[in-house]
1. Filter the stretch A:59-74 for residues that are more than 7 Å from chain B (Cβ to nearest Cβ) and under 23 Å from B:Lys4 (Cα atoms) and give the result.
2. Which members of the stretch B:1-35 meet the condition of being within 14 Å of chain A (Cβ to nearest Cβ), touching a strand residue (DSSP E or B) at 6+ places or on another chain (Cβ under 8 Å) and acidic (Asp, Glu)?
3. Can you find a residue that is within 13 Å of another protein chain (Cβ to nearest Cβ) and without any contact (Cβ under 8 Å) to a residue 60 or more places away in the chain anywhere in the stretch A:36-44?
4. Which numbered condition in (1) of a type outside the set (A, V, I, L, M, F, W, C); (2) in contact (Cβ under 8 Å) with a residue 40 or more places away in the chain; (3) on the phi < 0 side of the Ramachandran plot is the only one that A:Gly108 fails?
5. Take the residues of the stretch A:34-51 that are part of a strand (DSSP E or B) and hydrophobic (A, V, I, L, M, F, W, C): which is farthest from A:Lys110 (Cα to Cα)?
6. Looking at A:Asp30, is it surrounded by 16 or more Cβ atoms within 10 Å (Cβ to Cβ) and in contact with a Lys or Arg (Cβ under 8 Å, 6 or more places away or on another chain)?
7. Please go through the stretch A:75-96 and pick out each residue that is facing another protein chain (nearest Cβ under 10 Å), part of a strand (DSSP E or B) and touching a residue at least 12 places away in the same chain (Cβ under 8 Å).
8. Limited to the stretch B:97-107, what total is found for residues that are more than 7 Å from chain A (Cβ to nearest Cβ) and surrounded by 19 or more Cβ atoms within 10 Å (Cβ to Cβ)?
Number of protein chains: 2
Amino acid sequence: MSEKIPFTDFQKLDLRVGTILEVENHPKADKLYVLKVDLGEPIARIIVAGLRTHYTHEALKGKQAIFVANLEPVNLRGVESNGMILAASNEGKSKVFFLKPEKQIEPGSKIH
Amino acid sequence: MSEKIPFTDFQKLDLRVGTILEVENHPKADKLYVLKVDLGEPIARIIVAGLRTHYTHEALKGKQAIFVANLEPVNLRGVESNGMILAASNEGKSKVFFLKPEKQIEPGSKIH
């Protein structure tokens, strides 16, 4: 297990529930999707996600997932990603599953 | 939204899938449960969770949820908690839902 951290380190993260509105293939990276995500803000965000080998478009579109909402934007092969989707993977990475709230909730709901 | 953080701040957190093995009422705090959680380690952890007004014992026992696994231990009204369960809440906190992997996965699976 990793080094222990104080609760204040956890609080730096802004984790939010988001609803995946659209799923497109990344034009230049065959393992990446470009998601449009409603995080409860006026404008949906573009978030690049490495889920293309694990989920179809249909399996993601309309679903709720959990996102890190306050990461510095990063350029991923020409697409600016404004956040990161959270997913669990087992040791051999044979299973990769996104995280979701136990029941549907308003997009933008904060994780504590 | 919160201040932007670099990816390295996210990496400090060790988020894991855990299976809730047992649920008990906290002896001194009526909003808290004391959970015994399998995080894929040899010994299950004791983790205090503020879900008592939101979920029954039966609704939690046996379920998978997401935990911060590397927080410094904290003493919560006499019980040492060795981690934290993640939950989403809407603005008025009328809804509080724990997070889970989209499908069942090995306890201890890491969140990326």
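Every number here is computed from the coordinates shown, using simple stated rules; none is lab data. Since this is a predicted model, take the numbers as computed values, not measurements. Glycine also receives a Cβ, built like all others from the backbone with ideal geometry; neighbour counts cover every protein chain displayed.
1. Start the filter on the stretch A:59-74 by keeping residues that are more than 7 Å from chain B (Cβ to nearest Cβ), which leaves A:59-65, A:67, A:73-74.
Those that are more than 7 Å from chain B (Cβ to nearest Cβ) and under 23 Å from B:Lys4 (Cα atoms): A:Gln64, A:Ala65, A:Phe67, A:Pro73, A:Val74.
2. Correct list: B:Asp14 only.
3. Of the residues in the stretch A:36-44, the ones within 13 Å of another protein chain (Cβ to nearest Cβ) are A:39-43.
When the remaining residues are screened for being without any contact (Cβ under 8 Å) to a residue 60 or more places away in the chain, the result is A:42-43.
Taking every residue of the stretch A:36-44 in turn, at least one turns out to be within 13 Å of another protein chain (Cβ to nearest Cβ) and without any contact (Cβ under 8 Å) to a residue 60 or more places away in the chain.
4. Of the numbered conditions (1) of a type outside the set (A, V, I, L, M, F, W, C); (2) in contact (Cβ under 8 Å) with a residue 40 or more places away in the chain; (3) on the phi < 0 side of the Ramachandran plot, the odd one out for A:Gly108 is (3).
5. Here the answer is A:Val34.
6. no
7. A:Met84, A:Ile85, A:Ala87, A:Val96
8. The total comes to 1.
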